[in-house]
Structures are given as structure tokens and as C-alpha cells.
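Chemist: Provided herewith is a single structure, encoded as C-alpha cells, for subsequent inquiry.
The values are calculated or read from the model by the stated rules, or taken from the named source; none is laboratory data. Since the model is a prediction, treat every value here as computed from it, not as a measurement. Neighbour counts run over all protein chains shown; Cβ positions are idealised from the backbone, glycine included. Areas reflect the complete protein model, heavy atoms only, side chains present, ligands, DNA and RNA absent. Shrake-Rupley method; radii C 1.70, N 1.55, O 1.52, S 1.80 Å.
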Amino acid sequence: MDERVTLLLWSCTVSMFPLGGLVGSLVVGLLVDKCGRKGTLLINNVFAITPAILMGVSKVAKAFEPIVFSRVLLGVCAGISYSALPMYLGELAPKNLRGALGTMTEVFVIMGVFLAQIFSLQAVLGNPTGWPVLLALTGVPALFRLLSLPFFPESPRYTLIQKKDEETARQALRKLRGWTDVEDEIEEMRVEDQAERAEGRLSVLNLFTFRPLRWQLVSIIVLMAGQQLSGVNAVNYYVDMIYLSAGVEAAHSQYVTVGAGVVNIVMTVISAGAVERLGRRRLLLVGYGICGSACLVLTLALLFQGTVPELSYLGIICVFAYIAGHSTGPSPVPSVVRTEIFLQSSRPAAFMVDGAVHWLTNFIVGFVFPSVQLSGGEVIGAYSFIIFAGICLLTAVYIYVVIPETKGRTFVEINRIFAKRNRVEIPEKKEEITDVGPCVPSLTAQETSF
């Protein structure tokens, strides 16, 4: 093939993944409502196993088209999983473990990336004979999920609030908790059900015009946009150039990348353990602070490493510091917060917006930054990190001012905190009993909706 055609096909193949992710995020709301959380995850296995087969046989078929098409399907799979899985984990978790379980999505994403880095080493499967097997391996986790997930219960919250099947929800809670007395959690779900009955099932358009959820919606947009526009993908694009400038040989840079993957895993696991101790806000603020500082220092290192060659080593340190900071808060914690700040009726629509912002910004950074780097050279690319530092600062300021600490609170309690900022009232459940006499009956004030 002509070199330009090859480059075009390569770019197309890479960009199909976030576009597929966008499609997946737009259909996930319908799927989780109609098929349930567990049912959606089971259906989603089709979008992982099918492309694994297509990519595995593409070399034998001597065709590149199956790989391009498979990248779309894998993007759809990722888009659905990115929303449905945190939703499922957040709804079945007890409130004292909701943060830790919510971050598990990101923990295993990072582990998957790390395994991919290991398998794609030239000495393993990253070579002309091994790449079809490498690409086909993506179906193995999906096959494991297909065989194991049927033994897990459906989300108790979905079963009680949306399916109105309280007994099945009670049985699911007993299976998940390991004890029989789950009436406190059942009562909490009843309270949430009462608090949102007037909402009905919110569509995406209703969500944008519904005042009681205005700041929750703005918050997930800021969190997702900040996560992607803070420079995480740009660091990945620039990392090879930084390693080479520090004297790392091209053949050895892949092992340095694996080392960065280890840092990513360690910090994400630490974040998962600390999220219930330190809280969501603190991890987000610390993470963005580290990322912003690393971007500023990295800009200086890239600009002046020609004059002071030793600064190239500082660039590597900044990359590792940035990865550690992003793994502390901006990567894992938004998955927890987006589940906690919405009630059951609005969660599917909110996750559709959340996913769309995530994949659109992912695509924009992946498409624009390499073009800027190629057209403007290293200097323009280096100055880009000042923009990323500014985005880190703005996102941190928004989190500090707007987003409350959600650790240890029920979904309804979190909703009441946002109600004050949205300037709407959600009256507390009260009970008034009069003792005037037998002619005056006792009055019970029912909890009202929005």
C-alpha cells in the first residue's frame, strides 16, 4: 500500500474506537431500562466476542476491513460497559463500600491496559506472527463474564424501584450481604422511590430542562470533560518522545511504558482503598493538583531540555508524577460520584450524557493533539501542557465550590444537598400526631416529591 493510504487507514482504525464508544453511551440508557443492569452486561458480551473472532481471523482472510469494523464494535462494548458496570456496582453496594466498589471499574480497566502492554511486547505477541492472537485475546474476559454473570443477582435497587418486585430485591440483598435482616436497606429504597415518583422516567432532553437536577448535570459534564481534557491522552501521545529525548532507546521505551503501567495500577488501587477514608472530594482535588503541577513542570522541561539536557530526565519524572496524580482521583473517582448524585429515575439519562461527553472529548484530544504536534513541532506541543494545567485548575476550583462530599450518605441525602444549590425544596419526611381528642384523627404528613 501507499504510505499515505496506510497512514489514513491506521488513523481511521484508531479513531473508530471512541466513535464506537459514543454510540455505546447513547444506547446504554435504553438498554439498562429495558433489560436491566445485569441483562445489559450480558448482551454486551456480543460486542466483545464477535470482534475478537473477526480480528483473530483477519490475517488468514488477508483483509484489514474486519479490524476496522471490529474497532467500532469494541468501542460500542466499551461505551456500554463504561456506564452500565459502574451503575450496577453502585446500586448493589452498601453505602459504606460504594466508593471502593465504584472505583473497581477503573482498577480493572487499568489492569487490562497493563496486561495489554505486557502481551504487546515484541518478545511476547507484539510481532508479525503474534498480533492476530493478541487482538483475539480481547474476547477472553467477555467469555469469562458470559459464563459467570448469570449466577449474580440483578441490581436490587433496579428490581424494587423500577420493577416493583420487592421480594426479589429482598432475596438479592440477602444473597449479596450474607445475612437475612436487610429491612433497613429496603426501607432506604422505598424512601428513594417516594422521593422521585413525581419525576417519572427522565429522558436526556428532560434532564437538560429539569431544574432540580441542573447542578448534578453540570457536575458530571465538568468531571468527564476535565478527566479527558486535563491531558491524560496527550501525555500518552508524547511519552515516547520524552523517553527518547532522555536517551532511552526505542527498543527499551516499551519497558519504561510498562513501568508507568505499574505506577498506574498501584495508585489506582491505593485510591480504591482510600476513597472511603479520605472521601471523594479530597482525592479529586489532590489528583488535579498533582496533574496541574506536573503539566507546568513538564512544559518547562520540554522547552529548555535543548539547553539543559538533564531536564529530559525531569520530563520522565513529570510523566510518572502525572500518571500517579491522575490515577489518584481524576481517573477512578468520577465513576463513583456520577452514580451517587443521581436518583434511580434520572440515572440512565445522566449516564448517557456522561458517556457522550467522555467519548467526545476522548476523540477530540486523540484527533487534535497529534495534529498540533505534527504541524507545530515540539514547541507547540510543549505549550499545550499549559492549557492542560489550566483545565486542571478550573476543574479543581469547580469541585471545591460545587461538588459536596458524598462519602457515607444515601442517594436521597445527597440529592437534598444539591436541592439547596438548585433552589428547590425537598421536604423531609415528617409525622405529626395530635392528641386533641377522639374526634380529631391523627394526621401523618406523607413525604412529598419535588
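Chemist: Determine, yes or no, whether residue 184 is under 24 Å from residue 340 (Cβ atoms) and in contact (Cβ under 8 Å) with a residue 12 or more places away in the chain. First the steps, then the outcome.
Modeler: On the way: under 24 Å from residue 340 (Cβ atoms): yes; in contact (Cβ under 8 Å) with a residue 12 or more places away in the chain: no.
Criteria not met by residue 184.
Chemist: Separate question: Report, by residue number, each residue of segment 239-282 that is touching a Phe, Trp or Tyr at 6+ places or on another chain (Cβ under 7 Å) and not in a helix (DSSP H, G or I).
Modeler: 246 - this is the single residue of segment 239-282 that is touching a Phe, Trp or Tyr at 6+ places or on another chain (Cβ under 7 Å) and not in a helix (DSSP H, G or I).
Chemist: Only one of 125, 160, 115, 89 is in a helix (DSSP H, G or I), aliphatic (A, V, I, L, M) and more than 22 Å from residue 268 (Cβ to Cβ). Can you tell me which?
Modeler: On the way: 125 fails: in a helix (DSSP H, G or I); 115 fails: more than 22 Å from residue 268 (Cβ to Cβ); 89 fails: more than 22 Å from residue 268 (Cβ to Cβ).
The conditions single out 160.
Chemist: Report, by residue number, each residue of segment 284-328 that is open to solvent by less than 10 Å² (accessible area, probe 1.4 Å) and within 30 Å of residue 95 (Cα to Cα).
Modeler: Answer for segment 284-328, where residues must be open to solvent by less than 10 Å² (accessible area, probe 1.4 Å) and within 30 Å of residue 95 (Cα to Cα): 284, 287, 288, 291, 325, 326, 327.
Chemist: Quick one: residue 80 ticks every box in (1) outside any helix (DSSP H, G or I); (2) in contact (Cβ under 8 Å) with a residue 24 or more places away in the chain; (3) open to solvent by less than 50 Å² (accessible area, probe 1.4 Å) bar one, so which box is it?
Modeler: Failed condition: (1).
Chemist: Can you tell me which residue among 99, 139 is closer than 27 Å to residue 50 by Cα, surrounded by 19 or more Cβ atoms within 10 Å (Cβ to Cβ) and at pLDDT below 95?
Modeler: 139
Chemist: Also, I was wondering about something else. Looking at (1) farther than 20 Å from residue 101 by Cα; (2) at pLDDT 90 or above; (3) open to solvent by less than 10 Å² (accessible area, probe 1.4 Å), which is the only condition residue 345 fails?
Modeler: With (1) farther than 20 Å from residue 101 by Cα; (2) at pLDDT 90 or above; (3) open to solvent by less than 10 Å² (accessible area, probe 1.4 Å) applied to residue 345, the lone miss is (2).
Chemist: Turning to a different aspect of this structure: Considering only segment 165-185, I want to know if a residue exists there that is in a helix (DSSP H, G or I), surrounded by 14 or more Cβ atoms within 10 Å (Cβ to Cβ), of a type in the set (Ser, Thr, Tyr) and touching a Gly at 6+ places or on another chain (Cβ under 7 Å).
Modeler: The answer is no, given that none of the residues of segment 165-185 is in a helix (DSSP H, G or I), surrounded by 14 or more Cβ atoms within 10 Å (Cβ to Cβ), of a type in the set (Ser, Thr, Tyr) and touching a Gly at 6+ places or on another chain (Cβ under 7 Å).
Chemist: Filter segment 1-59 down to the residues that are open to solvent by less than 10 Å² (accessible area, probe 1.4 Å) and of a type in the set (Ser, Thr, Tyr) and list them by number.
Modeler: 25, 40, 58
Chemist: Any idea which of (1) charged (D, E, K, R); (2) open to solvent by 40 Å² or more (accessible area, probe 1.4 Å); (3) in contact (Cβ under 8 Å) with a residue 12 or more places away in the chain is the one residue 106 doesn't satisfy?
Modeler: (2)
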